[in-house]
Structure formats: C-alpha cells, structure tokens
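Below you'll find the structure, written out as structure tokens, and then a few comments.
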Amino acid sequence: MPAGERLHWYAQHFDLVEVNSTFYSVPEPRMVERWCAATPDNFTFDVKLHQLFSFHSTQAKLLPPALQQRAETDARGRVKSTPDLQKAVLKLFLRATSIFRDSGKLGVFLLQLSPAFSPRKHELCELDQLIEMLSDYDLAIEFRNRNWAVGDQLQATIDFLQKNHAIFVNVDAPESDHFMVMPSEVDEVTNSNVAYLRLHGRNAKAYLTGKTVAARFDYDYPENEIAEVAQRSRKLAREACEMHVIFNNNNLDYAPRAALRLRKALGQIVQVPAQTANLF
C-alpha cells in the first residue's frame with residue numbers, strides 16, 4: 001500500500017493513533033494538515049513529544065533547521081538541552097500541532113522519558129518547566145526507569161503527577177526486575193480526563209537485548225492475554241473520561257492484529273473484517 005494511503009485505511013479500523021515520528025523531528029504543518037484530512041472527524045492523534053524534552057541524547061540534526069546552528073553542542077554533535085532551546089523547539093512544535101487541536105483531533109502529548117532519567121540522578125521537579133509550558137494540554141508521562149514506580153517512590157511519583165494534572169502511563173511489559181522494565185502491576189489514573197495504557201509485549205530477552213525497535217518489542221499477544229488487557233482497560237476506564245490503549249509490540253503486524261482482537265474483546269466490533277485480516 002502506498003505510504004500516502006496508509007493512514008486513511010488505518011482510520012477505517014481504529015479511532016486513535018500515537019504519532020511516533022514527532023519524537024525525531026518537529027512535524028511540518030502541511031504534513032499535519034494532510035493527516036487531519038485523511039481521517040474522520042472523531043479521530044484522535046496522541047503526539048509523542050520531541051526527544052529533546054525526554055532526557056535522551058539528541059543530535060543537532062534532529063532539531064528544526066532554524067535552530068540547528070543556534071544550539072550548543074558537544075564534540076559528537078549532541079545538543080545541550082537548555083531552557084531557552086526547549087522553549088524555542090516547543091514553540092515550533094505547538095505551532096504545527098495546533099492544527100490537530102483546531103481540528104478537534106488532538107489527544108494527549110506523550111513524554112517518553114529516557115531510562116537514564118532515574119531517581120538516583122534526577123528529580124521530578126526537573127519536569128516542572130515542560131509541565132508549565134504545556135499546562136493548557138493533557139500531558140502523559142511514561143517513565144522508563146522502574147525505580148520511579150516501586151517502593152516508597154511510587155507514591156511520590158503519583159502525588160507529583162496528580163498535583164500537576166499529568167497522566168501516568170501504565171504499561172504492559174515483560175516480567176523483570178531490570179531497571180529499564182516498568183512494573184506491569186501498577187494501575188494509576190492521575191488525571192480524570194485520560195487514562196493511558198501502553199503495551200510493549202512480554203518478551204523479556206528481546207526487550208533488554210534487542211538492537212532495533214522491532215526486535216525489542218517482538219511479541220504477539222495470544223488471546224488469553226488480550227482478555228487480560230481488556231479487563232485491565234475496563235478497570236482503568238472507570239476512573240477517566242477517556243481510555244487510550246496503545247500497542248507498541250511493533251514487529252511485523254503484531255500491533256494492529258492485537259488491537260483488533262482487543263476491540264473485539266471489548267465488544268467494539270463483532271468480528272474482524274476479512275479484508276483487514278488479508279491486508280495484515
């Protein structure tokens with residue numbers, strides 16, 4: 001299927017998409033306009049924030065062209081993330097994504113933090129500036145270091161998010177005590193507008209050693225686990241106006257197939273259309 005036709009086709013089967021490309025670059029307004037035009041009125045875009053905000057090492061070439069020369073970099077071309085640079089990038093980011101909002105299609109902004117953002121080296125107040133700049137939006141925060149969600153620290157994390165009306169991203173992940181694997185037994189709704197659940201698969205070895213995104217999240221959810229996800233989704237949905245469930249097991253066609261099975265388990269569709277199964 002030509003790339004330009006994929007979103008239109010996708011939107012015939014799903015009501016929500018999580019935009020991942022915005023993690024690597026600020027979108028062009030004309031691209032956002034095309035995305036809006038390709039989707040029905042009730043479609044929702046959750047938009048991942050640029051990696052500059054998430055404590056990931058960021059190359060200058062991933063910044064908007066107008067800011068690449070202004071950014072302070074090290075010998076390897078990695079950007080020093082200063083408050084002024086963050087404000088400048090966010091201004092351009094919001095200018096483009098305002099098209100989603102004007103179309104009534106903007107869901108939440110997703111901040112996917114680096115595993116390096118840990119309680120040992122960082123404090124939650126380091127997120128204050130971004131939270132303040134996005135105070136007019138729903139902001140979902142996914143921690144990728146499990147130490148934010150275990151022991152006494154969990155309550156402090158939840159209290160911080162509730163105080164700032166931010167959304168805790170619940171996860172489904174492999175069973176592991178590794179610091180990069182968040183605990184799947186945590187179910188928290190910290191903003192009554194939206195509850196969020198991201199499913200990464202349960203392949204522990206691949207999650208920790210995979211060299212590519214497809215390798216890390218190489219997992220096909222069986223029917224019994226889809227039933228567990230449906231039950232968990234219903235539980236979280238009772239505490240929020242909206243429930244956003246995102247499959248991130250993005251090897252091959254595992255994610256859309258799992259999402260279709262979940263919709264069926266939730267009673268949203270009676271059966272998977274034959275043409276959908278063939279295309280996947």
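Mind checking which residues of region 4-60 are of a type in the set (Asp, Glu) and either part of a helix (DSSP H, G or I) or within 16 Å of residue 89 (Cβ to Cβ) (or both)?
We begin by selecting, within region 4-60, every residue of a type in the set (Asp, Glu); these are 5, 15, 18, 28, 33, 41, 46.
Residues satisfying the conditions are 5, 28, 33.
Mind listing just one residue for me: the one in region 72-108 that is buried (at least 21 other Cβ atoms within 10 Å of the Cβ) and either without any contact (Cβ under 8 Å) to a residue 40 or more places away in the chain or touching an Asp or Glu at 6+ places or on another chain (Cβ under 7 Å) (or both) and, of those, nearest to residue 25 (Cα to Cα)?
Applying the filter and picking the extreme gives 79.
One line per residue, one yes/no per condition, for (1) at pLDDT 95 or above; (2) more than 22 Å from residue 128 (Cα to Cα):
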{"residue": "61", "(1), (2)": "no, yes"}
{"residue": "66", "(1), (2)": "no, yes"}
{"residue": "70", "(1), (2)": "no, yes"}
{"residue": "76", "(1), (2)": "no, yes"}
{"residue": "79", "(1), (2)": "no, no"}
{"residue": "84", "(1), (2)": "no, no"}
{"residue": "92", "(1), (2)": "yes, no"}
{"residue": "97", "(1), (2)": "yes, no"}
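Among the residues of region 141-171, count how many are open to solvent by less than 10 Å² (accessible area, probe 1.4 Å) and within 14 Å of the chain's Cα centre (by Cα).
Total satisfying the criteria: 9.
Name the residues in region 61-71 that are of a type in the set (Gly, Ala, Ser) and either surrounded by 18 or more Cβ atoms within 10 Å (Cβ to Cβ) or in a strand (DSSP E or B) (or both), would you? Break it down stepwise before answering.
From region 61-71, those of a type in the set (Gly, Ala, Ser) are 66, 71; that's our starting set.
Within region 61-71, 71 is the sole residue that qualifies.
Just a yes or no: is a residue in region 172-185 farther than 30 Å from residue 129 by Cα, free of Cβ contacts under 8 Å to residues at least 60 places away in the same chain and in a helix (DSSP H, G or I)?
No, region 172-185 has no match at all.
How many residues are open to solvent by 20 Å² or more (accessible area, probe 1.4 Å), assigned to a helix (DSSP H, G or I) and within 21 Å of residue 107 (Cα to Cα) if we restrict to region 233-258?
Result for region 233-258: 4.
Answer with yes or no whether residue 177 is touching a helix residue (DSSP H, G or I) at 6+ places or on another chain (Cβ under 9 Å) and over 23 Å from residue 107 (Cβ atoms).
Details: touching a helix residue (DSSP H, G or I) at 6+ places or on another chain (Cβ under 9 Å): yes; over 23 Å from residue 107 (Cβ atoms): yes.
Spelling it out, residue 177 is indeed touching a helix residue (DSSP H, G or I) at 6+ places or on another chain (Cβ under 9 Å) and over 23 Å from residue 107 (Cβ atoms).
Within region 216-232, which residues are outside any loop (DSSP other than H, G, I, E, B), open to solvent by 50 Å² or more (accessible area, probe 1.4 Å) and at pLDDT 95 or above?
Of all residues in region 216-232, those outside any loop (DSSP other than H, G, I, E, B) come to 216, 223-232.
If we keep only those that are open to solvent by 50 Å² or more (accessible area, probe 1.4 Å) as well, we get 216, 223-224, 227-228, 231.
Result: 223, 224, 227, 228, 231.
The values are calculated or read from the model by the stated rules, or taken from the named source; none is laboratory data. Everything quoted here is computed from the prediction, not taken from an experiment. All Cβ positions, glycine included, derive from the backbone under ideal geometry; neighbour counts span all protein chains shown. Surface accessibility is based on the protein's heavy atoms, side chains included, excluding ligands, DNA and RNA. Shrake-Rupley method; radii C 1.70, N 1.55, O 1.52, S 1.80 Å.
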